Ligand code: PMP
């Protein structure tokens with residue numbers, strides 16, 4: 001008998017499983033709203049013109065294919081953290097950041113989680129918003145940390161549960177880790193306002209809660225980098241020593257290239273150097289070193305002012321189209337006679353829309369119309 005005979009079929013991935021079902025459907029009018037990837041008006045993936053140009057430049061340089069260092073391309077990740085914190089950030093001036101290149105956002109979260117799993121001295125509990133990206137839970141659990149939830153979204157108002165969030169943050173044991181979506185919350189598309197972020201920062205500082213920021217949509221939410229980085233900048237100004245996972249999957253459309261970075265903000269340069277050396281010892285047995293091609297493309301964009309401006313324009317194209325689609329969907333529903341309030345569709349931001357549809361309504365859309373989406377009614 002095979003030693004694998006007892007291995008049971010694992011459940012399909014909550015999100016990627018939808019695509020599997022979609023591919024099997026033979027209805028020519030089928031639609032997949034369950035993938036978090038940007039499509040153009042022809043339902044085609046979009047390679048950003050800035051990325052095409054950057055890639056052309058990378059190829060003409062005919063660079064070798066040697067390994068990157070364990071920590072990746074230094075010039076790339078230095079620009080990456082500068083983009084998030086702003087070029088004048090005090091943290092960068094004093095070199096208090098320990099930053100490495102990562103395998104996109106997931107890889108950044110994974111290294112950050114592993115670091116916390118080894119070194120975190122407080123409560124070994126990570127609090128995630130309800131709801132959140134389904135991969136957050138296993139990422140932290142794989143690093144030996146426990147996972148719990150905090151209130152975030154109110155299904156009745158389809159907006160931020162401000163009171164619930166406040167109460168949660170006041171109740172979470174001090175010195176716990178709190179995961180925050182820096183902008184364009186996945187899957188609700190509901191973000192705190194500037195005042196609300198200030199309050200969250202203040203409570204977390206007072207209660208010694210450790211902020212772990214997941215920044216997967218910088219510039220994608222509003223089309224403006226600085227606007228989308230607001231939460232981070234507030235926390236930086238308030239003196240938090242946070243952890244930050246960055247991804248270029250969505251905002252550069254580099255999904256399959258796996259480009260990202262992880263930063264752990266430290267109190268001194270010396271501390272940052274020691275933390276950086278430990279990040280390398282975490283990465284080495286995981287995957288040795290990251291791929292170079294995607295990071296080279298991102299670096300081309302970062303280092304040339306003209307190309308960088310072109311990228312900002314590309315970002316605006318994606319953000320504006322997403323905003324226009326929200327408007328069109330709402331108008332169409334109203335013109336078809338729906339009296340339901342669909343304001344949340346236009347109020348929510350980023351790539352996701354939390355429709356408020358119930359599981360049985362989603363099941364009917366899938367069964368009768370071949371419209372595929374997650375069970376909780378999120379349009380990805
Ligand atoms: N965090 C959030 C909130 C996400 O939505 C995603 C992508 N769906 C990621 C992280 C990671 O994506 P990637 O690994 O492709 O960068």
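Residue 57 falls short on exactly one of the conditions (1) within 22 Å of the chain's Cα centre (by Cα); (2) surrounded by 14 or more Cβ atoms within 10 Å (Cβ to Cβ), and that condition is (1). Of the residues in region 259-277, none is within 16 Å of the ligand (Cβ to nearest atom), farther than 30 Å from residue 202 by Cβ and in a loop (DSSP other than H, G, I, E, B). Of the listed requirements (1) outside any loop (DSSP other than H, G, I, E, B); (2) surrounded by 23 or more Cβ atoms within 10 Å (Cβ to Cβ), residue 290 misses just one: (1). Scanning region 314-365 for residues that are part of a loop (DSSP other than H, G, I, E, B), more than 23 Å from the chain's Cα centre (by Cα) and surrounded by 14 or more Cβ atoms within 10 Å (Cβ to Cβ) gives 342, 357. Residues considered: 24, 95, 1. Of these, the only one that is at pLDDT 95 or above and out of contact with any strand residue (DSSP E or B) (no Cβ under 7 Å at 6 or more places or on another chain) is 95. Tell me which residues, restricted to region 138-159, are more than 15 Å from residue 376 (Cβ to Cβ) and in contact with a strand residue (DSSP E or B) (Cβ under 7 Å, 6 or more places away or on another chain). Result: 140, 141, 145, 146, 147, 148, 150, 151. For the criterion of being at pLDDT 95 or above and within 16 Å of the ligand (Cβ to nearest atom), residue 106 passes. I'd like the full set of residues that are away from the ligand (no atom under 16 Å from the Cβ) and within 26 Å of residue 155 (Cα to Cα), limited to region 210-226. Correct list: 222 only.
Reported count of residues in region 201-228, each being closer than 21 Å to residue 267 by Cα and surrounded by 19 or more Cβ atoms within 10 Å (Cβ to Cβ), is 8.
One line per residue, one yes/no per condition, for (1) more than 16 Å from the ligand (Cβ to nearest atom); (2) touching a helix residue (DSSP H, G or I) at 6+ places or on another chain (Cβ under 9 Å):
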{"residue": "122", "(1), (2)": "yes, no"}
{"residue": "142", "(1), (2)": "no, yes"}
{"residue": "171", "(1), (2)": "yes, no"}
{"residue": "177", "(1), (2)": "no, yes"}
{"residue": "198", "(1), (2)": "yes, yes"}
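Scanning region 227-258 for residues that are in contact with a strand residue (DSSP E or B) (Cβ under 6 Å, 6 or more places away or on another chain), near the ligand (Cβ under 9 Å from one of its atoms) and part of a loop (DSSP other than H, G, I, E, B) yields a total of 2.
The values are calculated or read from the model by the stated rules, or taken from the named source; none is laboratory data. In this text the structure is predicted, and so the values were computed from the model without any measurement. Virtual Cβ from ideal backbone geometry, glycine too; neighbours counted across all protein chains shown.
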